[in-house]
Amino acid sequence: MIDVPRLQIESGRVVLTGQWTLAAIMPELSDLQQRLAAADGAKAWDLSAVSRLDSAAAVLLWRAWQQAWPDELNISAVQRLVLERVASQPATSPQLPVRRHHLVAALGSLLLRALGNLRGMIVLLGQLLLDLAHLLRHPADMPWRELSATIYKSGAQALPVTALVGFLIGVTIAYLSALQLRSLGADLFIVNILGISIIRELGPVLVAVLVAGRSGSAMTAQIGVMRLTEEIDALATMGVSRSLRVVLPKILGLTVAMPLIVLWTSAIALLGGMVAAMLQLDLSLLYFVDNLPRAVPVANLYIGLGKGVVFGFVIALIACHFGLRVKPDSESLSANTTRAVVTAITAVILVDAVFAILTRHIGVPSL
Amino acid sequence: MSAAPIIELRGISTRFGTQFIHRDIDMRVEAGQVLGLVGGSGSGKTTLLRQMLGLLRPTAGSIRLFGLDPGEADLLIRQTLRRRLGVLFQHGALFSALSVFDNIAFPLRELRCLDEDWIRRLVDLKLDMVELTAEHGRLMPAELSGGMVKRVALARALALEPELLLLDEPTAGLDPERSQNFVNLVGVLQQALDLTVVMVTHDLHTLTSLATHIAVLADQRLVACGPRQEVMAVDHPFIRGFFAAKAGKLL
């Protein structure tokens, strides 16, 4: 179907025949390149029998001629045009100046970017406060539908996965602690260990990590795509505030939903711990439930729920901030989603440390 | 070239759910033709184009590109087939993560047998063909205007030296002057590279200045297909309406 490109050297003349196109030369490329190299320096080239010459083949020839016209060239006018196009191109294109990465400059730009993000988040926070003030004066503008959608999507739909993870973590901690406690003969302290660690610390942090990965990334991606497709601009032209209708319900919704998921996950994790303690230490479920209020002051529950509120707020704020920074290309979308999740988890751990320091005297049972 | 048609559609029917898009469409595109595919909104022009590309399968009927089935042939044949055609999507479909240069170089690099210097020369050549300079190669797609996106997409479509070029709404979203420039550009390239072109368009101006042949889709059928002058004279309510409405607007 395709005339195979051929090259013959006949008494000092190089004769090319067949179809010299990218598709045709590709299968024979190494052979043709060898033959062209062998013909190097030939003065006379006959291309009159070439049925088709495209620019890929023209570049191949032009390079074989070392970027100069041969002394004698027999070629049709159309194909000469193709070669002239190639010949008119500069041999090398100007090189891009290579950006040198300087350590100090890199650190500085990193810091500037972090400050820029911080500033962006403060602006977003300020806008949120303004919106809340507006809602106080005009309660009818409250985006109830969007709010309930957020609570359903990031709260109700997260229940199964958080329950599964919570239950397994409860079982794991109970088993590991039971091994240690039994060797000390302090079996009964399993209630204290499980109660304090799960309600005060593990429950909220575990949920925060899960929700940051699940709902945080979804929020960033959603706002990002709404920016790509100009939906946000469309909202603005209809006189609907993007912060009031898109950002505020997400932040409020997750702030409301998080403590509820924390409560649920902590309960399931305790259940897992109770089951494991029953199997491993023969501690009855009833004993566990009876002793939980004594071993764990109720302040721990409040601290756990308080963490839930703050974590939910932080995750949603960071997710919305990065979502609004998405530029109209796919690379930026993926980069900002990654950043949102990583920043949210880091911020949650940071806030958790602050909580630990501030509440160090509260809710710790005195023996 | 060989006498076999570049594209041959036989008995194409398409159904989405219970709704028929096409019924029993037969069409041939010969080498060197510039075929304009017209029809009302929702008449399945783009669907037909996607079927020619093998991106969609028709419910019934057969499609032959260069005598091969774009959907059924094995991977290697399909690859060689795809390399013989270039596509210009309606919105350009440039890879937003790659610069203009890398976008055009992408199909060439995928061949895995050209060296970087060769690729660089070819990309510069294609940029030159669509009247852009090497400096434009460094820009990212997000930094381009609508007309430039079309040009870069055309350069990418031409990167593999295709014999067949498929254009989806080549001038949609361009102002009249740019659209005229783009049409001229496609015309010049079609002559110079000896391309067969199939284009979907709404624009009468594009149609009259480029197309040698016209195919009209209406009422789920191909109501006319042939040389431009003949098709424009066909007495069919859609064709009369289409050309009359557009002609009226031009005045």
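For the reader, a short list of remarks on this structure follows.
- Distance between the pseudo-spin-label points of residue A:346 and residue B:142 (7 Å out from Cα toward the beta carbon): 2.1 nm.
- Alpha carbon convex hull of segment B:95-161, projected area averaged over orientations, nm²: 4.0 nm²
- Flagged links, alpha-carbon separation over 27 Å, of A:307/A:327; A:153/A:307; A:250/B:150; A:327/B:45; B:45/B:150: A:307/A:327; A:250/B:150; A:327/B:45
- Crossing angle, helix B:116-129 versus chain B [Cα axis fit, 0-90 degrees, rounded to tens]: 50 degrees
- Seen from residue A:261, the other residues with C-beta closer than 13 Å to its C-beta sum to a net charge of +3, counting Lys and Arg as +1 and Asp and Glu as -1.
- Averaging the sequence gap over all C-alpha pairs within less than 8 Å and six or more residues apart, then dividing by the number of residues, gives chain B a relative contact order of 25 percent.
- Largest GNM mean-square fluctuation among A:84, A:231, A:146, using chain A with Cα springs under 10 Å: A:84.
- Relative contact order (%) - criterion: Cα under 8 Å, at least six apart; region: chain A: 18 percent
- Degrees, to the nearest 10: A:285-295 long Cα axis against longest axis of chain A: 80 degrees
- GNM flexibility winner over chain B from B:151, B:15, B:28 (Cα, springs under 10 Å): B:15
- Computed Kirkwood radius, in angstrom, where 1/r is averaged over Cα pairs of segment A:224-304: 16.5 Å
- Distance in nm between pseudo-label sites at residue B:244 and residue B:205 (7 Å out along the Cβ direction from Cα): 2.4 nm
- Fully extended contour minus Cα-Cα distance, from residue B:219 to residue B:235, at 0.36 nm per residue: 4.3 nm
- Amide N of segment B:160-204 lying under 14 Å from the label point, which is placed 7 angstrom from the Cα of residue B:93 along Cα→Cβ: B:165-170, B:200
- Euclidean distance between Cα centres, segment A:320-367 to segment A:99-163, Å: 11 Å
- Sites matching trypsin sites (Lys or Arg not before Pro) across segment A:23-78 that sit in DSSP coil, with at most 15 neighbouring C-beta atoms within 10 Å: A:43
- Between 0 and 90°, nearest 10: helix B:237-250 axis offset from chain B longest Cα axis: 50 degrees
- C-alpha center-to-center spacing [segment A:220-285, segment A:189-214] in angstrom: 16 Å
- Residue list for segment B:29-73, given a label point 7 angstrom along the Cα-to-Cβ vector of residue B:13 and an amide N cut-off under 14 Å: B:58-62
- Using a Gaussian network model of chain B in which every pair of alpha carbons under 10 angstrom is joined by a spring, one finds that among B:149, B:29, B:234 the greatest mean-square fluctuation is at B:234.
- Judged by the gyration tensor of its Cα atoms, with axes a ≥ b ≥ c, segment A:6-87 is rounded; a/c sits under the 1.5 cut.
- Peptides A:330-341, A:176-187 ranked from most to least packed by the mean count of surrounding Cβ atoms within 10 Å: A:330-341, A:176-187.
- Estimated purely from DSSP H runs of n ≥ 4, each contributing -39500 (n - 2.57), the mean residue ellipticity at 222 nm for chain A is -21500 deg cm²/dmol once divided by its residues.
- Of interest is the spacing of the C-alpha centroids, which for segment B:172-215 and segment A:10-83 amounts to 32 Å.
- Cα gyration tensor, chain B - rounded (a/c under 1.5), prolate or oblate: oblate
Read-outs throughout are calculated quantities, based only on the coordinates presented, and are distinct from any laboratory measurement. Treat the numbers as computed from the prediction; the structure is a model and nothing was measured. As a convention, Cβ positions derive from the backbone with ideal geometry for all residues, glycine included, and neighbour counts pool all protein chains shown.
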